[in-house]
């Protein structure tokens, strides 16, 4: 479809379909809920403005020319298969290195069933570390934790122990993590920011602590109350390999773009912030309602109000608009099954 035909098609669209079309053009990575926008998507597809994503049914691909979209889908699928194959080969190498049960070696890993147990093990590992500490923090860190860690990081760096840390891009707008990063960088450590979803990790020379993915919360994140300690050198090396892959994809703290600030006139309430953050983390309205002790209609109404504040219509446009401002907001504390303020190995 050429530009003239594209323009004519846009002129014939319903207002709701046209709004969706513009939103999808501005946010190429945005995933559209077919259950909510089925009629509009069908309208866009009828005019050739979208094509189905065969690799991920129910999540249409925005495209003005079907061949290009299909080629992109095939390339993306091949990339995913290649990455999965690489991970499986790495895991096979790790398994080949593990001792057989009859070798008499006990303890390739250890389940840490409480935060206290995890923190005790991490303190012991930190006291013995002489080379480098690697950490990855995909979730918000309490400001009290980053403040308490700063003198310890300075001491480690002065002692010649390297520090490399990965944060999500949103961390740059949070004072606690920003001050911590400035301190670490000023003393010779390295901090990078990632827009990808990455696992929580703390890695020393002879120990790695990772989340226990057998127990997931409503938002799909592993519980902060449990963790797995990797003790065997092969498992520690595998965890380090995963970290290095994420590190290569991240960008240095200093060169990452600052988020666009939220307009001062936007009076967003805490509950609105919580709900939009939950939606961004793929919570359903039923899960949100139960977590916040409200009904689904109220949760949807808060999203509508937030859309009015941001000057947009509809949930899809509200989510897209919020992503432009999210990083400048104050940290949102999502409901969890862990007591507030109690430290976890994420606080390391």
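Each reported figure results from applying straightforward, stated rules to the coordinates on display, with no laboratory input. Please read these numbers as outputs of a predicted model, since none were measured by experiment. Neighbour counts are summed over all protein chains in view; Cβ atoms, including those assigned to glycine, are modelled from backbone coordinates with ideal geometry.
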Legend entry - Principal axis box of segment 175-255, alpha-carbon based, largest edge first, Å: 36, 33, 21
Inset, instruction - Return one quarter of the surface area of the convex hull spanned by the alpha-carbon atoms of segment 270-328, equal to its mean projected area, in nm². - result: 3.7
Inset, instruction - Compute the FRET efficiency between residue 130 and residue 195 as 1/(1 + (r/R0)^6), taking r as their Cβ-Cβ distance and R0 = 41 Å, and round to the nearest 0.05. - result: 0.80
Inset, instruction - First measure r as the distance between the Cβ atoms of residue 123 and residue 79, then evaluate 1/(1 + (r/R0)^6) with R0 = 41 Å and state the FRET efficiency to the nearest 0.05. - result: 0.55
Inset, instruction - Quick one: order 205, 293 by neighbouring beta-carbon count within 10 Å, fewest to most. - result: 293, 205
Inset, instruction - Report the label-to-label distance for residue 241 and residue 271 in nanometres (one decimal), using points 7 Å from each Cα along the Cα→Cβ vector. - result: 4.9
Inset, instruction - Between residue 178 and residue 323, with labels modelled 7 Å along Cα→Cβ, what's the label distance in nm to one decimal, could you check? - result: 2.3
Legend entry - Extended-chain gain in nm, criterion 0.36 nm per residue less alpha-carbon gap, residue 152 and residue 109: 12.8 nm
Legend entry - Two-site label geometry, residue 282 and residue 45: point separation in nm, points 7 Å out along Cα→Cβ: 2.2
Inset, instruction - With a bin width of 5 angstrom, please list the P(r) values of segment 105-258 as percents of all Cα-Cα pairs, from the 0 bin to the one holding the largest distance. - result: 2, 9, 18, 22, 23, 17, 7, 2, 0, 0
Inset, instruction - Could you calculate the contour length gain from residue 216 to residue 88, that is, 0.36 nm times the residue separation minus the distance between their Cα atoms, to one decimal place in nm? - result: 43.8 nm
